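What follows draws every value from the coordinates through simple rules; no lab data is involved. This structure is a prediction, so every number in the text was calculated from the model and none was measured. When we count neighbours, we look across all protein chains shown, and the Cβ atoms used for this are built from the backbone with ideal geometry, even at glycine.
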Amino acid sequence: MRKLLSILLVFSFLTPQEPCDGTCYTEEEEINIENHITDIETKLSLSNEKILLLNGLITDYKLNDSLNVSLINDYKQQLVFKEEMIDLVKPKWYDNKYLWFFGGVILTSGAVYLAGQIN
């Protein structure tokens, strides 16, 4: 019995096992974990690229929005200028041709009538 224990003791020292502090994984589990980590790193790099793309789109949107606001302000100013131009070009009451025609008719007929009254 003593011989058997000594042989087992010798074999146990010759073939040491890996020290395992808590959880030990098999090779297959380690490969799966490594593949999973690689997959997560790939997804992280893709998400970082998407974040950069979206930040660029946000910047473009802000620029486009500011351009649209300035365009709207320019159109409002253009409407104000058109209203002022319409007021300047619109004929005044004394530029009415019918007013001048009938005024001339009345003055002429009044002058003829007064001339007929002279004796």
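For region 52-103, taking the reciprocal of the average inverse distance between every pair of different Cα atoms yields a Kirkwood hydrodynamic radius of 15.0 Å.
Computed from backbone phi with θ = phi - 60° and the Karplus coefficients 6.51, -1.76 and 1.60, the 3J(HN,Hα) list for region 33-49 is 5, 5, 5, 5, 5, 4, 4, 5, 5, 5, 4, 5, 5, 5, 5, 5, 5 Hz; x is used for glycine and proline.
Phi-derived couplings, Karplus 6.51 cos²θ - 1.76 cosθ + 1.60 at θ = phi - 60°, listed residue by residue for region 105-119: 4, 5, 5, 5, 5, x, 5, 5, 5, 5, 5, x, 7, 6, 10 Hz, with x used for Gly and Pro. From helices alone, the chain scores -29500 deg cm²/dmol at 222 nm; the rule is -39500 (n - 2.57) for each run of n ≥ 4 DSSP H residues, then divide by the residue total.
Three principal axis extents of the chain based on alpha-carbon atoms, in descending order, are 175, 16, 16 Å. Using Cβ point charges alone (K and R +1, D and E -1), the dipole size of the chain about the Cα centre works out to roughly 1120 debye.
Hull volume per residue, based on the alpha-carbon atoms of region 73-119 and their convex hull, is 45 Å³.
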